[in-house]
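Peer 1: Here's a structure for you.
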Amino acid sequence: MKKIISLIIGIFLLIPINQAQIKKIKVKFVDLGIETPIRIDKNEFESYFFKEMDSTFVISHRKINELRKLIFRLKSADMNLYSQPDVRIKIIMFGSNRISDTICVGQFVAEKGNHFFIASPSFMKIIKKTCKK
């Protein structure tokens, strides 16, 4: 039953993410190894890492589709076991002239809306590759 509920929540959370709607993806990032004295949440990311932050755009349909599939495959994280991510990467998906979704990523957990997902090794590998200039 828990798996069915997680699947339903996952599907409803990811409904806005479809290939036709996503025109480009902006990835804002800092080195995952940067240590801070406090946990950086999604609202503090840009202001805290203003000087260290870099960004890149993904406009290739193939790459957008690859990222979209990886995001869709993220498994829900039990909010009793995981806390919000210590954000080092922010993925912003743009539809037609508007932001359609934002995902914040730490080393182990990703957050979309108020739901946590486990940042799988395959997801992190592609994200790290995307963040290389």
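Each value in this text was obtained by applying a stated rule to the coordinates, not by laboratory testing. No experiment lies behind these values; they were computed from the predicted model shown. Here Cβ is always computed from backbone atoms with ideal geometry, including for glycine, and neighbour counts include all displayed protein chains.
Peer 1: So who's got an amide H within less than 5 Å of the one on Phe116, skipping anything under 5 residues away but keeping other chains? H placed 1.01 Å off N, in plane.
Peer 2: So Phe116 has HN proximity to Ala77.
Peer 1: Read phi for every residue in segment 65-72 and hand back ³J(HN,Hα) as whole Hz from Karplus 6.51 cos²θ - 1.76 cosθ + 1.60, θ = phi - 60°, with x for Gly and Pro.
Peer 2: Calculated HN-Hα couplings, in order: 5, 4, 5, 4, 5, 5, 5, 4 Hz.
Peer 1: List the residues whose amide H sits under 5 Å from the amide H of Asp101, counting only those 5 or more places along or on another chain, with H placed 1.01 Å from N in the peptide plane.
Peer 2: The list, which skips near neighbours in sequence, is Met93.
Peer 1: Using θ = phi - 60° and the Karplus curve 6.51 cos²θ - 1.76 cosθ + 1.60, what whole-Hz ³J(HN,Hα) does each residue of segment 39-49 get, with Gly and Pro shown as x?
Peer 2: Couplings: 6, 9, 8, 4, 7, 9, 3, 5, 6, 6, 9 Hz.
Peer 1: For segment 23-32, in order, what is each residue's ³J(HN,Hα) by Karplus, 6.51 cos²θ - 1.76 cosθ + 1.60 with θ = phi - 60°, in whole Hz (x at glycine and Pro)?
Peer 2: For segment 23-32, the Karplus curve yields 9, 7, 10, 9, 10, 9, 7, 10, 4, 4 Hz.
Peer 1: Hand me the GluC sites (Glu not before Pro) from segment 42-99 located in a DSSP loop with no more than 13 other Cβ atoms within 10 Å, in residue order please.
Peer 2: Glu44, Glu52
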